[in-house]
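*Asks:* Sharing a structure below in structure tokens format, with a few things to ask.
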Amino acid sequence: MHEQTLSVPATGGGVKGTVRVPGDKSVSHRALVLAALAPGRSTIEGLSRGEDPTHTRGALAHFGVEFLDEADGTVTVHGGLRHEPVDVLDCGNAGTGIRLLAGVCAGFDGLSVLTGDRYLRRRPMDRVADPLRRMGARVDARAGGSLAPLVIRGGGLNGLTYHSPTASAQVKSCVLLAGLAASGPTTVVEPHPTRRHTEEMLTAAGARVQVEGTSVTVHPGPVAPMAHTVPGDPSQSAFWAVAAALAGEVELPGLYLGYGRSDYLNVLRRMGATVQVEESTGTVRVSAARLRAVQIGGEEVPGIVDEIPVLAVAAAGAQGTTVISGAHELRVKESDRVASTVAMLRAFGVETEERPDGMVVHGREEFSPAAVDSAGDHRIAMAAAVAAVARTSGLSTITGWGSVATSYPGFVEDLRTVSGAAASVGA
Ligand code: S3P
């Protein structure tokens with residue numbers, strides 16, 4: 001199913017309109033996990049219906065957690081992990097899912113097996129297995145303990161001060177979630193600050209959390225049931241924002257605009273796009289301008305890590321040469337996103353050089369219609385769709401389109417609405 005192809009005829013008109021993007025994927029995973037950990041009734045409003053969080057929900061159901069879909073779209077959760085998982089936890093394509101769940105499994109006195117699709121089984125898990133082992137969990141895995149499937153025998157954890165070598169919110173979150181079940185406080189120190197959803201949501205659920213600079217400490221204890229509201233996903237809004245920056249204008253209401261998630265707007269502003277933000281409603285408005293090349297890299301990367309493929313499309317339509325550096329983490333995402341972004345841009349006729357930690361993009365006025373392979377990666381597929389509607393004058397095709405269902409099942413509908421393109425999905 002992930003092999004589907006999207007055909008996008010050019011309209012020449014760019015995009016115009018309002019898009020309400022799906023519930024934030026990062027927040028959705030965490031809302032499901034925290035509601036599952038909290039003994040009692042929680043509710044989740046605005047949950048992402050992407051396959052990634054749906055896998056997390058399915059995995060947590062194996063612990064005896066009950067999830068009920070209400071008629072108004074809210075999900076009611078009867079939380080409390082009741083028993084060790086009755087089956088393998090299939091995390092699908094979701095790196096966030098498997099790494100957060102690994103923390104939960106390490107804290108739970110029982111045996112868990114976690115796996116995922118062929119893309120997830122290629123991604124490094126030693127970054128979570130190592131700290132969990134240091135906390136006392138027994139973690140085994142393929143490839144010398146570093147690739148899923150992961151086998152975790154949890155329980156009896158000690159607290160830990162962990163200096164993470166990688167700036168990763170998934171690693172931080174995994175260790176903090178395990179820390180809830182440790183015998184003493186657990187601290188994660190990050191090399192660069194990353195998104196703060198876990199600390200924010202743990203605090204809201206009554207956990208004792210202290211943040212000092214790049215260090216976060218959690219004290220062991222239960223979390224309380226609560227009513228979670230999932231805001232719109234800024235990473236999904238970035239596709240429409242870039243499309244508008246290249247050609248058109250969009251309004252994007254209801255977004256999460258907290259720390260580490262909206263930095264891509266600063267990059268678009270540097271490029272010269274017109275960007276307005278209304279904090280009170282989480283609304284972002286972007287309109288086209290003559291974009292210019294910029295330097296992207298350094299400490300900025302963790303805050304735009306998911307937006308780089310689509311920002312590279314903006315760079316491709318900008319005047320001049322954009323250099324993206326310090327982005328080695330992109331090599332271990334759903335695909336090798338340095339290689340897959342470079343290949344995507346080249347398919348559109350954009351001269352692009354690959355570097356170990358990024359790329360050099362030579363901007364041009366118009367892109368050639370392209371046949372793009374998404375490499376099974378939802379963000380490459382959606383970034384290519386943006387390039388196709390914004391700057392081509394012919395028919396483009398994107399194979400591996402089915403991957404988009406992991407995060408944004410309604411993307412094609414929204415694409416048709418704002419671009420007027422008769423985009424169609426085929427086998
Ligand atoms: C996420 C953290 C980031 C990001 C991913 C979601 C999260 O991954 O790329 O899409 O929800 O914590 P890393 O922690 O690997 O940087």
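Read the figures in this text as sums done on the coordinates, not as results from a lab. Only a predicted model underlies this, so the values are computations on that prediction, with no experimental measurement involved. For neighbour counting, all protein chains shown are included, and Cβ atoms are generated from backbone atoms with ideal geometry for every residue, glycine included.
*Asks:* Any idea how far apart Val211 and Ala289 come out in nm if each label point goes 7 Å out from Cα toward Cβ?
*Replies:* 2.9 nm
*Asks:* Among residues other than Gly156 whose Cβ falls under 15 Å from its Cβ, what is the net charge (Lys/Arg +1, Asp/Glu -1)?
*Replies:* Numbers: positive: Arg133, Arg134, Arg138, Arg153; negative: Glu84, Asp109.
That works out to +2.
*Asks:* May I pose another question? For a quick check of your reading of the filter: which GluC sites (Glu not before Pro) in region 26-84 sit in a DSSP loop and have no more than 12 other Cβ atoms within 10 Å?
*Replies:* Glu70
*Asks:* Which ordering of Leu32, Leu157 is given by a fewest-first count of other beta-carbon atoms within 10 Å?
*Replies:* Arranged by neighbour count, lowest to highest, Leu32, Leu157 become Leu157, Leu32.
*Asks:* With a Förster radius of 41 Å, plug the Cβ-Cβ distance of Ser280 and Asp140 into 1/(1 + (r/R0)^6) and report the FRET value to the nearest 0.05.
*Replies:* Efficiency, from the Cβ-Cβ distance: 0.25.
*Asks:* Using r as the Cβ-Cβ distance of Arg331 and Ala204, and R0 as 35 Å, what FRET efficiency do you calculate, to the nearest 0.05?
*Replies:* So the FRET efficiency works out to roughly 0.55.
*Asks:* If you don't mind, there's one more thing I want to ask. In a shell of Cβ-Cβ distance under 12 Å around Asp306, excluding Asp306 itself, what net charge do Lys and Arg (+1) and Asp and Glu (-1) give? Don't jump to the answer; show the numbers that get you there.
*Replies:* Details: positive: Lys25, Arg195, Arg261, Lys333, Arg337, Arg379; negative: Asp24, Asp233, Asp263, Glu307, Glu329, Glu334, Asp377.
Neighbour charge sum, excluding Asp306 itself: -1.
*Asks:* How far is helix 234-246 tilted off the main Cα axis of the chain, in degrees rounded to 10, range 0 to 90?
*Replies:* Roughly 10 degrees, rounded to the nearest 10.
*Asks:* Follow-up question, since we're still on this one. Specify which residue in the list Thr203, Pro409, Ala427 is farthest towards the positive end of the charge dipole of the chain, using unit charges on the beta carbon of Lys, Arg (+1) and Asp, Glu (-1), about the Cα centre.
*Replies:* Ranked along the dipole, the leading option is Thr203.
*Asks:* If you place +1 on the Cβ of every Lys and Arg, -1 on the Cβ of every Asp and Glu, and leave all else neutral, what size is the dipole of the chain about its Cα centre, to the nearest 20 Debye?
*Replies:* Numbers: 38 positive and 44 negative charges, 102 e Å.
So the dipole magnitude of the chain works out to roughly 480 debye.
*Asks:* Going by how many other beta carbons lie within 10 Å of each one, how would you line up Lys16, Lys333, fewest first? Could you put the intermediate results ahead of the total?
*Replies:* On the way: Lys16 17, Lys333 20.
In order of increasing Cβ crowding within 10 Å: Lys16, Lys333.
*Asks:* Relative to the longest principal axis of the chain, what angle (0 to 90°, nearest 10) does the C-alpha long axis of helix 95-107 take?
*Replies:* 10 degrees
*Asks:* Of the options Ala141, Ala224, Thr54, report the single residue whose Cα projects farthest towards the positive end of the charge dipole of region 25-229 (beta-carbon charges: Lys, Arg +1; Asp, Glu -1).
*Replies:* Final value for the positive-end residue is Ala141.
*Asks:* For region 108-152, what is Rg from Cα atoms divided by 2.2 N^0.38 Å, rounded to two decimals?
*Replies:* Cα-based Rg divided by the globular estimate yields 1.07.
*Asks:* Another one. In the chain, what percentage of the DSSP-assigned beta bridges are antiparallel, given to the nearest 5?
*Replies:* 75 percent
*Asks:* Where both partners of a DSSP beta bridge lie in region 25-229, what percent of those bridges are antiparallel, to the nearest 5?
*Replies:* 75 percent
*Asks:* Further question: Hey, could you pull the Cα Rg and Dmax for region 70-137, both in Å?
*Replies:* 13.9, 44
*Asks:* Still on this structure, please answer the following. From the alpha carbon gyration tensor of region 163-303, can you work out the equivalent ellipsoid semi-axes (sqrt of 5 times each eigenvalue) and give them in Å, largest to smallest?
*Replies:* Three semi-axes, in Å: 34, 18, 9.
*Asks:* Gap in Å between the Cα centre of region 369-401 and the Cα centre of region 29-91?
*Replies:* 33 Å
*Asks:* Could I ask something else about it? If you wrap a convex hull around the C-alpha atoms of region 25-229 and split its volume per residue, what is the figure in Å³? It would help to have the intermediate numbers written out before the result.
*Replies:* Numbers: hull volume 20.1 nm³, N = 205.
So the per-residue hull volume is 98 Å³.
*Asks:* Please report Met382, Met201, Met359 as a ranked list, fewest other C-beta atoms within 10 angstrom at the top and most at the bottom.
*Replies:* Lowest count first: Met201, Met359, Met382.
*Asks:* Here's something else I'd like to know. Angle, helix 51-61 long axis vs. longest principal axis of the chain, Cα atoms, 0 to 90°, nearest 10?
*Replies:* For helix 51-61, the angle is close to 10 degrees.
*Asks:* Looking only at region 324-419, where both bridge partners belong to it, what percent of the DSSP beta bridges are antiparallel (to the nearest 5)?
*Replies:* 60 percent
*Asks:* Further, regarding this structure: What's the local net charge at Gly400, with K and R +1, D and E -1, over the other residues with C-beta under 11 Å away? Write down the numbers at each step before the final one.
*Replies:* Numbers: positive: none; negative: Glu3, Glu334, Asp373, Asp377.
Taking every other residue near Gly400 into account, the sum is -4.
*Asks:* Apply 1/(1 + (r/R0)^6) to the Cβ-Cβ distance of His83 and Ala371, taking R0 = 41 Å, and write down the FRET efficiency to the nearest 0.05. Mind dumping the intermediate values first?
*Replies:* Working: r = 49 Å, r/R0 = 1.20.
FRET efficiency, His83 to Ala371: 0.25.
*Asks:* Related question: Counting pairwise Cα distances across the chain, what percent come out greater than 35 angstrom?
*Replies:* Beyond 35 Å sits 25 percent of the P(r) for the chain.
*Asks:* Here's another thing I want to ask about it. If you put +1 on each Lys and Arg Cβ and -1 on each Asp and Glu Cβ, how big is the dipole of region 197-279 around its Cα centre, in Debye rounded to 20?
*Replies:* Using Cβ point charges on Lys, Arg, Asp and Glu, region 197-279 gives about 160 debye.
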